[in-house]
């Protein structure tokens, strides 16, 4: 919807991720011992931190135990057949089964094991609705951009309006979903929007409002229709058109208004967790997935 602090952080992290792509490819097939034998200054300057961490894990006193645990999490037999489990994991990656895990493979193994531990959490999925009275009103729900993707699909919006002051307070909380570039595979909750709007219209069933402090890049206008239970935020280009980013570059102008609807977030949120569940199932040992599919197909009908 808008850049904001959280959006800016996402842009910076995304830029850093692209910058690391070349180094990730360069050192992917290095063994932990090779990474550790590099001059410290060179290692810290050139090697992605995820590979340094992978190398440190492998050579630590509990390195093998940590790798065995991750392999077991993915349904490889890491304890009883450590060498065989490593080879099967390499085969599932489409790599040569040497039995010696590279830092790239260790990093992938750790990521996949941590990813499977993510559980579905409740994030205000059932709090949707709006009510208007003579002197106050509220709207609650999940913001969804129509015909486009939203940066933080798992979110909760709360709008509180007070007629006497002719203002609406708009607050949005987001549940960030980790991906492969995240530092850790865990959820975090952040406040992405906390703004005050001035009411420009307050009828029996409708409220319109504009931000008290309009942005130089975008203008966000609230359109709340309580009779129809339709709650929208319309985003258009600001007259100044100043969409420059702090570190250079700029956001392109919107080709058409961006329409954000506040909806019942239950289905939206469930779909996001289903994507994670579908993804992590593919991370499990191919042998285990095959056995599970056979068992499922031969079960009671």
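Quick notes on this one:
- Boolean, residue 187 is in contact with a strand residue (DSSP E or B) (Cβ under 8 Å, 6 or more places away or on another chain), surrounded by 12 or more Cβ atoms within 10 Å (Cβ to Cβ) and at pLDDT below 90: yes
- In the set (1) exposed (fewer than 15 other Cβ atoms within 10 Å of the Cβ); (2) assigned to a helix (DSSP H, G or I); (3) modelled with pLDDT of 95 or more, residue 19 fails one condition alone, (3).
- Residue, surrounded by the most Cβ atoms within 10 Å (Cβ to Cβ), within the stretch 218-230, restricted to residues that are assigned to a strand (DSSP E or B) and touching a residue at least 40 places away in the same chain (Cβ under 8 Å): 224
- Test: residue in the stretch 125-132 that is modelled with pLDDT under 95, under 24 Å from residue 221 (Cβ atoms), assigned to a loop (DSSP other than H, G, I, E, B) and under 28 Å from the mean Cα position of the chain (by Cα): yes
- Meets criteria (outside any helix (DSSP H, G or I), farther than 29 Å from residue 175 by Cβ and either in contact with a helix residue (DSSP H, G or I) (Cβ under 8 Å, 6 or more places away or on another chain) or in the same structural domain as residue 181 (by TED's automatic domain parsing) (or both)) for residue 101: yes
- Only residues that are exposed (fewer than 14 other Cβ atoms within 10 Å of the Cβ) and at pLDDT 80 or above were counted across the stretch 231-246, and they come to 2.
- In summary, residue 269 fulfils each of the numbered conditions (1) modelled with pLDDT of 90 or more; (2) within 30 Å of residue 116 (Cβ to Cβ); (3) within 24 Å of the chain's Cα centre (by Cα) with the single exception of condition (1).
- For residue 142, the test of being crowded, with 19+ Cβ neighbours inside 10 Å and in a helix (DSSP H, G or I) is failed.
- Residues that are farther than 25 Å from residue 200 by Cβ and free of Cβ contacts under 8 Å to residues at least 24 places away in the same chain, drawn from the stretch 149-166: 149
The values are calculated or read from the model by the stated rules, or taken from the named source; none is laboratory data. Note that the coordinates shown come from a computational prediction; the quantities given were computed from them, not determined experimentally. Note that each Cβ is placed from the backbone with ideal geometry, even for glycine, and that neighbours are counted across all protein chains shown.
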